[in-house]
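Visitor: There's a structure below that I have some questions on.
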Amino acid sequence: MAKRKRCILLFIDNCNAHSNFPALKNITVKFLPPNTTSKLQPLNQGIIRSFKFDYRAQIVRKLLDSIGEGKPCAPINILQSMRMADYARRNVTETTIKNCFIKAGFSENKTSSETEEVDSIKHSIGEGEINPEQWSLIQKDCNTNISFEDFLDVENQLQTCDTMTDKEIVANINAEISIEENEE
C-alpha cells in the first residue's frame with residue numbers, strides 16, 4: 001500500500017479483541033461509537049450473512065453430492081472448510097458490499113433501490129435450490145434433526161466476546177495512556 005501511495009481508513013468496533021491495535025503505515029484506524037456498532041457496521045448489514053449463506057450452501061451441496069454417490073455423511077476437514085470459506089468470501093459481490101456501506105450510513109447519497117437490495121439478498125441455498133426432500137435426506141443420512149432454518153441461522157444466539165461498557169472502554173484507554181507515559 002505504501003508503494004502505491006494508497007491510504008486506507010479502517011473503521012472497527014469497540015470489541016475487546018480490538019483494544020490493542022498496532023500502529024499501521026498508510027492505515028488510519030477509527031473506532032465506531034460504542035453501543036451503535038451493529039447498526040453502523042457494514043458487515044452487520046448483510047456482508048456476513050451473504051458469506052455465511054454461501055458457505056453453508058457449499059456444505060449442503062457437498063452433503064447432497066455424498067448422498068447422491070451413496071457415500072456416508074463424511075466430515076469436512078479443515079482444508080475443505082478453508083477452501084469453502086475462501087470461495088464464499090470471493091462470492092460476496094461488490095454490489096453487496098457497496099449497498100451494506102450505504103445502509104450503514106456511510107453515504108449521504110442513499111437511494112431506496114440500493115438499500116432495498118441489501119434487505120433482499122438472495123442466496124441459492126434459501127431460494128429453492130435446496131428443497132425439503134433434499135434436506136430430509138441430509139437429516140436422515142447425517143443423523144440430525146436440525147431444521148433447515150436453524151442450520152442457516154445457527155449462530156444467531158451465540159456471543160463471541162464480552163460487550164464493553166463506556167466505563168470499561170475509558171478505563172482501558174486510560175491504562176494504555178498510563179503505560180505509554182511510564183515507558184517514556
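Visitor: Please arrange Cys161, Cys15 by how many other C-beta atoms lie within 10 Å of their C-beta, fewest to most.
Guide: With the fewest neighbours first, Cys161, Cys15 line up as Cys161, Cys15.
Visitor: Treat the count of other C-beta atoms within 10 Å as a stand-in for reagent exposure and order Arg90, Arg61, Arg56 from fewest to most.
Guide: On the way: Arg90 10, Arg61 16, Arg56 21.
Fewest-to-most ranking of Arg90, Arg61, Arg56: Arg90, Arg61, Arg56.
Visitor: Here are some pairs, Lys62/Lys103; Lys39/Lys62; Lys39/Lys140; Lys98/Lys140; Lys52/Lys103; which of them have Cα atoms lying more than 31 Å apart in this structure?
Guide: Exceeds cut-off: Lys62/Lys103; Lys39/Lys62; Lys39/Lys140; Lys98/Lys140.
Visitor: Shifting gears a bit: What does the net charge come to around Asp153 if you take all other residues with beta carbon closer than 15 Å to its beta carbon, with K and R at +1 and D and E at -1? Spell out each step's value before the answer.
Guide: Numbers: positive: Arg49, Lys52, Arg56; negative: Asp54, Glu149, Asp150, Glu155.
Residues close to Asp153 contribute a combined charge of -1.
Visitor: Among the listed pairs Lys3/Lys25; Lys5/Lys30; Lys25/Lys167, give every one whose C-alpha distance is greater than 22 Å.
Guide: From Lys3/Lys25; Lys5/Lys30; Lys25/Lys167, over 22 Å: Lys25/Lys167.
Readers should treat all values here as calculations from the given coordinates under stated rules, not as data from a laboratory. What you see is a predicted model; the values in this text were computed from it and never measured. Every residue, glycine as well, gets a Cβ built from its backbone with ideal geometry; the counts of neighbours run over all protein chains shown.
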